[in-house]
Amino acid sequence: MDTLTQSNGDRRERALAALAEKPDGVIEQIAAKAEVTPAEVLAILPEGAAVVVPSDQWEPIWKDLTLWGEILMIVHTDDIVLEVEGSLPEGSEGHGWFNIHGDSPIGGHIRKERCVSIAFVDRGFHGRRSCSVWFMNADGKAMFKVFVRRDKERNLLEEQVARFEALRQTVA
């Protein structure tokens, strides 16, 4: 049965059941178990855990993220979870791409027009608070995520948490 023939209620019920089994688990794994998209799982998180804004907020969000210092960027596909720490370069548009290059290990080219929304995710993850910004595509998946980093004791960096909360409030 494909997604077009499944009722939204069935999909939601499966997502709720999978989330109930592992409420602080990896969103992509919860979505896979329920046979739904990560966006559908984000939509059923408790109120305030995933604040979604339209992609037209890309520029102010990206600009603010470039001021956070070193962040953790994650690209999570079915085949790899790639984690890179570094600062986000400012980026520029050209040749159909949002290009990021600079003095950082984070660099490359993003199909910015594929971004349909941006989610500010603040939830428990394996027993600890986790704060991240997800750039979502029309397939209901994260193109990439920017996470608030942790210190040596695994605590979130308070300055970045404050920036995350302020940015979420500003664009929401």
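The values are calculated or read from the model by the stated rules, or taken from the named source; none is laboratory data. Here the structure is a predicted model, which means the values were calculated and not measured. No Cβ is skipped: glycine too gets one built from the backbone with ideal geometry, and neighbour counts run over all protein chains shown. Just so you know, the surface numbers come from the protein's heavy atoms only, side chains and all, with ligands and any DNA or RNA stripped out. Shrake-Rupley method; radii C 1.70, N 1.55, O 1.52, S 1.80 Å.
When the Cα positions of Gly108, Val41, Leu82 are compared along the charge dipole of the chain, Val41 comes out farthest toward the positive end, with charges on each C-beta of Lys, Arg, Asp and Glu.
Quarter the surface of the alpha carbon convex hull of the stretch 1-44 and you get the mean projected area, 2.7 square nanometres. About its Cα centre, the dipole of the stretch 1-44 is roughly 60 debye, where the only charges are +1 on Lys and Arg Cβ and -1 on Asp and Glu Cβ.
Rolling a 1.4 angstrom probe over the protein heavy atoms with all chains in place gives the stretch 46-171 an accessible area of 55 Å² per residue.
The count of lysine pairs in the chain whose Cα atoms are under 29 Å apart, excluding pairs fewer than 8 places apart on the same chain, comes to 13. Projected label points at Asp56 and Arg129, each 7 Å from Cα along the beta carbon direction, are separated by 3.2 nanometres.
The charge dipole of the chain, taken about its Cα centre with unit charges on the Cβ atoms of Lys, Arg (+1), Asp and Glu (-1) only, comes to about 260 debye. Rounded to the nearest 0.05, the FRET efficiency derived from the C-beta distance between Arg12 and Asp103 at R0 = 45 Å is 0.50. Among the protein heavy atoms, those of Val84 account for about 40 Å² of accessible surface (1.4 Å probe, every chain in place). Note on Thr37: accessible area approximately 30 square angstrom, rounded to 10, probe 1.4 Å, nucleic acids and ligands left out.
Our helix-only sum for the chain, with -39,500 (n - 2.57) per DSSP H run of n ≥ 4 divided by its residues, gives a mean residue ellipticity at 222 nm of -8500 deg cm²/dmol. Cα extents for the stretch 46-171 along the principal axes, largest to smallest and rounded to whole angstrom: 42, 33, 33.
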